[in-house]
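Every read-out reported here was derived from the displayed coordinates using simple, explicitly stated rules and does not represent laboratory data. Remember, predicted model here, so these are calculated numbers, not experimental data. So basically every Cβ, Gly included, is an ideal-geometry build from the backbone, and we count neighbours across all protein chains shown.
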Amino acid sequence: MKKKACCGVALLIIFVFLSVSILPTFSQTQIPQWIRIGIYYADMYGSSRPVLETKIYAKGGLYIGISDDKNFITVANTQKDTLIVSKDVYKKDGKEGANIHIAVGRYISYATAKNALRDYLGAYKDAFVGYINNGYSVLIGSFDNLQDAKKLQSKLGGAALYSSETMVLVKDEKGKVLFAFDGQNSKFLMLIPQQENGIERIKVDNRWYRGRVEFKRIKGSDMTVINVSKLEEYLYGVIRMEIDPLWNIEAVKAFAVIARTYAVRNLNRHGALGFDLCPTDHCQVYGGAVDGTYGEKRAILAVDSTRGEIITYKGRPIDAVYFSSTGGIPTEDSENVWMYPVEYLRSVDNSKEAKNSKSSWTFQFTKDEIKNMLKKKNIDVGDILDIKVLEYTKAGRVLRLKIVGTAGEYECQKEATRLLFGLYSQAYTIVTDADVNVVDENGKVKRTRIGNNKILTENGESVLNGKINSEQTVDSSIYSSAKNDVFSAVYDVIYSGDETRSNSGAGGSVSAASTVKVVKEDGTVEEVPVIPTTYTFNGKGWGHGVGMSQWGAKGLADSGYNYKQIIKHYYTGVEIEKR
């Protein structure tokens, strides 16, 4: 829409007084036309933040109005490019409180309230129309204390005091209040941009979005700002954030169908905050709109060419979970990461996955760092003595993990085995500075920790019995009773104990060698701690490992798979339906 000429004078607010269905209905079918995405809010995940005020821009001007799930009631067409939306609060002595206004009259429409406003503007330049208690009133004054508010109230006669912790103000760039909205019920304040070439584009602070923006003050999330976007246009902003839209187009199309399915399946996930999905990886990463880039054009192509397609299992949209990469190992069965088995989320081959920066990775922590990590999660096992992988899945991920400390033990399983340490995935092994190479009684080389085994020194004269943390002299009775636990040195040759100290372990107070000396293959001597002081996690992949691997989809597409084949590879027994 072309911007209207101002004829050399200041822009006037053109008020529109009728109710129109500018906001299309949110469909109750499986694929809605519109979706609500949180921009600013507060929730248990700490993934975003509420705001005191926000700056809204749209080339050609903005409509001000009130929305619910079905309709948009137009209040004003401002013809202003920029508006400020803020909480109606004052700050005093470091505290925030609701402003107090004098509410005059009660009107059934904005038009009648606007007419009444003219009678007060001569004496009260700061008067404005507000939508309060499901109706319209003229609001005069803005006070931070009851005494001053009552003085003005007495002059106006018959007027009521009004203050609300849910009031939102719409102001121009100079700070003049154009409209006030108190959303105590299911209604929202909404701003809609004038269309440009049939497209709605609106800027919230420094980021562009397609569609409209809603505002509401919700307890615990004050003030909440929401992007109301067409579902297909929302997907444009997801693809360019979640994957590289310049990849093979079949991989991008596969992801478009998956992202659409995920959105449909998870509608109203943040319903308590007034929107469907958040813009973070808790839902799907969403970056709004940046028109004109080649990458976005590719994202639009992928979405438009699969429009309306979703993935179903037995006729219902699936929970189309996805992740970044596995490092080439198979994907995982859902029950080995989360709680329950899901028929279409089965472990599948992922050997064609394209190489990426997280194909392999390493994290190293000291025992003290791990102790502090655990304490932050209210887990206290004392000083860390050992971390053991108790069980791996068939696909190669840690299923059960035990941490042993001087004050007890802690065992976790499934996804907690990576989240506990902030690792990229569950697919890892653990190496410590107390590990040595030994050969067992069957002649097999094994890497183990001194603190977990009885180890026979090369000269056969002593056993380092790490299991009970002591050094003993070998005699026939000891060797006979310990035979199944004894290892002889191979690449790292253990030959002596060093320094004794007391440890108060889970089994009580014992005497232990703090280090031993080993002779390495090259003849050098190295001290090795009996109890590990550092833990190195060597892993593969990034993410939970269930569903589709994004880098795997790229690898399959580059190998000649089309988008439907990619989807059916990662989700067992599914169908792709157009609805």
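Odds and ends about this structure:
- Aspartates and glutamates with Cα under 16 Å of LYS125, excluding same-chain neighbours fewer than 8 positions away: ASP172
- Between LYS219 and LYS297, full extension at 0.36 nm per residue minus the direct alpha carbon distance yields a gain of 24.1 nm.
- Translational diffusion of segment 73-215, estimated by Stokes-Einstein from the Kirkwood radius over alpha carbon pairs at 10 °C in a medium of 1.306 mPa s, is 97 µm² per second.
- Applying Stokes-Einstein at 10 °C and 1.306 mPa s to the Kirkwood radius of segment 231-359, computed over alpha-carbon pairs, gives a translational diffusion coefficient of 101 µm² s⁻¹.
- Between THR448 and LYS176, the FRET efficiency from the beta-carbon distance, with R0 = 51 Å, is close to 0.10.
- C-alpha center-to-center spacing [segment 92-120, segment 531-579] in angstrom: 56 Å
- Kirkwood-based shape ratio for segment 246-318, expressed as Rg/Rh from alpha carbons: 1.00
- Rg(Cα)/(2.2 N^0.38 Å) for segment 169-297, N = residue count: 1.17
- Taking 15 Å as the straight-line reach from the Cα of LYS402, the aspartates and glutamates in range (excluding those fewer than 8 positions away in the same chain) are ASP380, ASP383, ASP386, GLU391, GLU411, GLU415.
- Greater than 20 Å apart at Cα, pairs in LYS55/LYS176; LYS355/LYS564; LYS414/LYS540: LYS355/LYS564
- Shape category assigned to segment 361-432 from the gyration tensor of Cα positions, a/c cut at 1.5: prolate
- Dipole check for segment 85-145: with +1 at the C-beta of Lys and Arg, -1 at the C-beta of Asp and Glu, and the Cα centre as origin, the magnitude is about 100 Debye.
- Cα centroids of segment 186-225 and segment 351-422: 42 Å apart.
- Under 18 Å from the ASN562 label point (7 Å along Cα→beta-carbon), backbone N, segment 216-257: 248-257
- Ignoring aspartates and glutamates fewer than eight residues from LYS230 along the same chain, the ones with Cα atoms less than 17 angstrom from its Cα are ASP68, ASP69, GLU196, GLU200, GLU214, ASP276, ASP291, GLU296, ASP304, GLU309.
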